[in-house]
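Below: the structure, in structure tokens.
The values are calculated or read from the model by the stated rules, or taken from the named source; none is laboratory data. Just so you know, these numbers come straight off a predicted model, no measurement behind them. Cβ coordinates were reconstructed from backbone atoms using ideal geometry, including for glycine residues, and neighbour counts include every protein chain displayed.
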Amino acid sequence: MLLLALIVLPLFAALAAFVTPPGKAAPLIVAGAAVLHLIGSLAVRSGDATLGGWFAVDALGHLILDVVSVLFTLCSLYGVEYLRIRKERANRVFCVCLLTFLSMTTAITLAQHLAVVWVAVEGATLSTAILIYFNQNARSLEAAWKYLMIGSVGIALALLGSLFVAYAALHSASGDESLLFGALLEHAGGLSRPWLRAGFVLLLVGYGTKMGLAPMHTWKPDAYGEAPGMIGALLAGGMTNCAFLALLRVYRVMQAAGEGAFARELFLALGMLSMGVAAVFMAGQRDFKRMLAYSSVEHMGILVLGVGAGGIAVFGALLHVINNSLTKVVLFLSAGNIHRAYGSKTIDGVSGALRRVPLSGFLFLAGFLAITGSPPFGPFISEFTILVGVTTAHLFVTAALFLVFLIVIFIGMGATVLAVVQGPVSPAGGTTDFRDSFWRTAPMLAALAMVVIMGVWIPGAVYDLVLAAAKALEGAS
Amino acid sequence: MREAASAVLILAVTMNFLALGTSNLKACIRAAALQGLFVSAFPLLFTPAPSLRLLGLVIVAGTVKAFVIPGMLYRALREVHIKHEVEPYLGLVPSVLLLAVGTGATTLFASRLPLLPAHRDLLVVPVALSTLFAGFLLLTTRRKAISQVTGYLILENGIFVFAQLLHEAMPALVEVGVLLDLLVGIFVMGIVMNHIQREFGSLDTGLLSELRD
């Protein structure tokens, strides 16, 4: 019951947001639904199931569900005031799409059926395309169109991949044609290897497009650059993690079928490529929102790299899912505030953010230090764990490149971030009346506090959640 | 019946060449619509005793692929009063040649994937993959947004052909969900196209080139 409610409640809230008169009510409905969803998500237990096992809570899904719910709640609280200052834009459709996104991402985390996962990913993609177009100008239009086109092709390949995996299952002698992940894992030995491999490659390209792994990342800088900050946070911390989860579910089937090594090699290659591409494009990036997009490409690369290395790096990667998402909230929302305060998002028009919007400027700087892996923030722990895992697996070249990329990215990102926060306030900053306010900064402060806690002492419940998920991934090999 | 099923599939592949080779946007949409009709009819011909559920799927898929979506595209074409030339980035002859090479390559690749005995004498896999490739070519080599959406439609037709091998394993709800996603997806693309037309006064996606590094 609870599981169905988690998926259906946002849809009812979306309906409510649609029928309310335009104005302040819709954003409040989003925030209210988000808080209820968070309470529900924290109450679910691993093993809960509904609808004949189509939707169930497993260790991996549980982790991502909680991350998405926390992220969405923080963003929706920020959104109430954000939408108030953006009165010139009708927000009804925006709120309906936000809630649809929440429902679809919840469905992805709970779905145990190969094809249901796909339907939910597609639903989430369509709702975010409209969210990206919030500003309704030529640039956001271009971003939304590219997102829609590249995303649709990716998602189509993922569908074909799912069908290939399903066809591999038809070969299994058991006669069980169920496409539930549990059944696929059970009969993994009988799956047709060529179909499974081809299917995995297609799924990796398809869901990899949604994650924004290089070289399928080209939509990302445009979408993150033009969408409102809170949408950037939801995409970088929510949508990408859901696509990652979809990949992990298929990866488990690959492992059970004895094809784990093939999958891990592909993960390692794409991970390295993503980090490399991010390092190249982050250097000299003048647009700080596009810079965050490349940071997201980098961290998606780190996630698949961790899974590809195996062992303790898998634990590190799953821990990094939490750390990356929370830090992205800080970065995208503060970048959004700075963008509002200056009416510009390039370092040509923005400087002195620490003086102009002190709290947002500070949070942007702290977010930069956190995401680049500086102690005492959470990402330091998770990235270090991944590095240990990579060296334990004797992948010394990979480990060396990993460190080089991290350093190059630190320098490249640092140059842009420091140009934004330091120095005298640029003239453009004096012309808007945007100020830091409680609701525009509190969600970020909460996220930053969690990132710090994750860096100094991982709470027991979180540790158990991540460990259970890591065991589910590694136990099968 | 199986000969008829194969014949329908070959007709569907022919549509790929028509859609990619024509310089007229209307003819391109018509080829995609006809292809939608062929691929929707295919499961009826290849299943010995079609169930009621299959019949329902065929009717819904045929309506969506051959009438509803092409109808939406025709309407968009009428409303924007644009020239009905496709304006490709890559010339028509090279793209048709590329499709021919791609069709050959997918046939070779398909022969490496082991089929179940029941599916062996059908051309499903090469047809599905080459149609997918044709859709991809249309999507990437054409300037006009409408051609790109038509490409997406053709790409989905290719996937639909392959999905028929799995009809029994797929729950009906999922099949409906997939079709609904296609419909809503094209609907959203239509809305965005509408805005592109309003903003730029044209459906030339070559104008969408401001965002770059």
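For the range A:50-80, give me each residue that is surrounded by fewer than 21 Cβ atoms within 10 Å (Cβ to Cβ) and at pLDDT below 95. Reasoning before the result, please.
Initial filter on the range A:50-80 (surrounded by fewer than 21 Cβ atoms within 10 Å (Cβ to Cβ)): A:50-54, A:59, A:66, A:80.
Selection gives A:T50, A:L51, A:G52, A:G53, A:W54, A:A59, A:V80.
Is it the case that the range A:202-220 has a residue that's buried (at least 24 other Cβ atoms within 10 Å of the Cβ), among the hydroxyl-bearing types (S, T, Y) and closer than 30 Å to A:K146 by Cβ?
Yes, there is a match, as at least one residue in the range A:202-220 is buried (at least 24 other Cβ atoms within 10 Å of the Cβ), among the hydroxyl-bearing types (S, T, Y) and closer than 30 Å to A:K146 by Cβ.
Can you work out which of the residues in the range B:154-172 that are in contact with a Leu (Cβ under 8 Å, 6 or more places away or on another chain), surrounded by 24 or more Cβ atoms within 10 Å (Cβ to Cβ) and more than 10 Å from chain A (Cβ to nearest Cβ) is farthest from A:H171 (Cα to Cα)?
B:I154
Could you list, in sequence order, all residues of the range A:275-326 that are under 24 Å from A:G229 (Cα atoms) and either outside any helix (DSSP H, G or I) or without any contact (Cβ under 8 Å) to a residue 12 or more places away in the chain (or both)?
Once the filter is applied, which keeps residues that are under 24 Å from A:G229 (Cα atoms) and either outside any helix (DSSP H, G or I) or without any contact (Cβ under 8 Å) to a residue 12 or more places away in the chain (or both), the range A:275-326 yields A:V280, A:A283, A:G284, A:Q285, A:R286, A:D287.
In the range A:71-86, is there at least one residue being at the interface with chain B (Cβ under 9 Å from one of its Cβ atoms), of a type outside the set (V, I, T), under 19 Å from the mean Cα position of the chain (by Cα) and part of a helix (DSSP H, G or I)? Spell out how you get there, then give the answer.
Going through the range A:71-86, the residues at the interface with chain B (Cβ under 9 Å from one of its Cβ atoms) turn out to be none.
Checking the range A:71-86: not a single residue is at the interface with chain B (Cβ under 9 Å from one of its Cβ atoms), of a type outside the set (V, I, T), under 19 Å from the mean Cα position of the chain (by Cα) and part of a helix (DSSP H, G or I).
If you check B:G206, B:G104, B:G158, B:G185, which single one turns out to be free of Cβ contacts under 8 Å to residues at least 12 places away in the same chain, out of contact with any strand residue (DSSP E or B) (no Cβ under 7 Å at 6 or more places or on another chain) and small (G, A, S)?
Details: B:G206 fails: free of Cβ contacts under 8 Å to residues at least 12 places away in the same chain; B:G158 fails: free of Cβ contacts under 8 Å to residues at least 12 places away in the same chain; B:G185 fails: free of Cβ contacts under 8 Å to residues at least 12 places away in the same chain.
Sole residue among the options that is free of Cβ contacts under 8 Å to residues at least 12 places away in the same chain, out of contact with any strand residue (DSSP E or B) (no Cβ under 7 Å at 6 or more places or on another chain) and small (G, A, S): B:G104.
Could you say which residue among A:A33, A:A90 is of a type in the set (G, A, S) and over 30 Å from A:F181 (Cβ atoms)?
Values: A:A33 fails: over 30 Å from A:F181 (Cβ atoms).
Unique residue meeting the criteria: A:A90.
Is at least one residue of the range A:4-13 touching a Phe, Trp or Tyr at 6+ places or on another chain (Cβ under 8 Å) and assigned to a helix (DSSP H, G or I)? Show your work before the answer.
Here is the first cut: in the range A:4-13, the ones touching a Phe, Trp or Tyr at 6+ places or on another chain (Cβ under 8 Å) are A:4, A:7.
Going one step further and asking which of them are assigned to a helix (DSSP H, G or I), we end up with A:4, A:7.
Looking through the range A:4-13, at least one residue is touching a Phe, Trp or Tyr at 6+ places or on another chain (Cβ under 8 Å) and assigned to a helix (DSSP H, G or I).
Take B:S130 and decide whether it is within 22 Å of B:V8 (Cβ to Cβ) and touching a helix residue (DSSP H, G or I) at 6+ places or on another chain (Cβ under 7 Å). So that I can check it myself, show each step before the final result.
Numbers: within 22 Å of B:V8 (Cβ to Cβ): yes; touching a helix residue (DSSP H, G or I) at 6+ places or on another chain (Cβ under 7 Å): yes.
It is true that B:S130 is within 22 Å of B:V8 (Cβ to Cβ) and touching a helix residue (DSSP H, G or I) at 6+ places or on another chain (Cβ under 7 Å).
Only residues in the range A:445-458 that are over 14 Å from A:K328 (Cβ atoms) count as the first member; pair them with residues that are assigned to a loop (DSSP other than H, G, I, E, B) and of a type in the set (F, W, Y), Cβ under 8 angstrom, at least 6 apart or cross-chain, and list the lot.
A:V452/A:F377; A:G455/A:F377
Inspect all residues belonging to the range A:327-337 and state whether any of them is touching a Lys or Arg at 6+ places or on another chain (Cβ under 7 Å) and part of a helix (DSSP H, G or I).
Step one: filter the range A:327-337 for residues touching a Lys or Arg at 6+ places or on another chain (Cβ under 7 Å), giving A:335, A:337.
From what is left, the residues that are part of a helix (DSSP H, G or I) are A:335, A:337.
So far as the range A:327-337 goes, yes, one or more of its residues are touching a Lys or Arg at 6+ places or on another chain (Cβ under 7 Å) and part of a helix (DSSP H, G or I).
Collect the residues in the range B:82-117 that are surrounded by 11 or more Cβ atoms within 10 Å (Cβ to Cβ) and under 21 Å from B:A163 (Cβ atoms), keeping them in residue-number order.
B:G102, B:T103, B:T106, B:T107, B:F109, B:A110, B:S111, B:L113, B:P114, B:L115, B:L116 - these are the residues of the range B:82-117 that are surrounded by 11 or more Cβ atoms within 10 Å (Cβ to Cβ) and under 21 Å from B:A163 (Cβ atoms).
Here are some conditions: (1) within 14 Å of chain B (Cβ to nearest Cβ); (2) in a helix (DSSP H, G or I); (3) closer than 19 Å to A:G271 by Cα. A:M216 meets all but one. Which one does it not meet?
(2)
Suppose we keep only residues that are within 15 Å of B:H167 (Cβ to Cβ) and among the polar types (S, T, N, Q) within the range B:44-81. Which one would you say is surrounded by the fewest Cβ atoms within 10 Å (Cβ to Cβ)?
Restricting to residues being within 15 Å of B:H167 (Cβ to Cβ) and among the polar types (S, T, N, Q), the top hit is B:S51.
Of (1) closer than 29 Å to A:L354 by Cα; (2) touching a residue at least 60 places away in the same chain (Cβ under 8 Å); (3) not polar (S, T, N, Q), A:F384 satisfies all except one. Which?
(1)
Could you look through the range B:173-213, keep only residues that are assigned to a loop (DSSP other than H, G, I, E, B) and more than 9 Å from chain A (Cβ to nearest Cβ), and pick out the one that is surrounded by the fewest Cβ atoms within 10 Å (Cβ to Cβ)? Break it down into steps so the answer makes sense when it comes.
Of all residues in the range B:173-213, those assigned to a loop (DSSP other than H, G, I, E, B) come to B:201-203, B:208-213.
If we keep only those that are more than 9 Å from chain A (Cβ to nearest Cβ) too, we end up with B:201-203.
Details: B:G201: 11, B:S202: 15, B:L203: 23.
So the residue we want is B:G201.
Restricting to the range A:317-358, name every residue that is modelled with pLDDT under 90 and under 16 Å from A:P379 (Cα atoms).
none
Looking at the range A:147-166 only, could you name the residues that are closer than 28 Å to A:P228 by Cα and facing another protein chain (nearest Cβ under 7 Å)? Give the derivation first.
Narrowing the range A:147-166 to residues closer than 28 Å to A:P228 by Cα: A:147-156, A:158.
Scanning the range A:147-166 gives A:L148, A:M149, A:S152, A:V153, A:A156.
For the range A:16-34, which residues satisfy the criterion of being in a helix (DSSP H, G or I), surrounded by fewer than 16 Cβ atoms within 10 Å (Cβ to Cβ) and touching a residue at least 40 places away in the same chain (Cβ under 8 Å)?
Residue satisfying the conditions is A:F18 alone.
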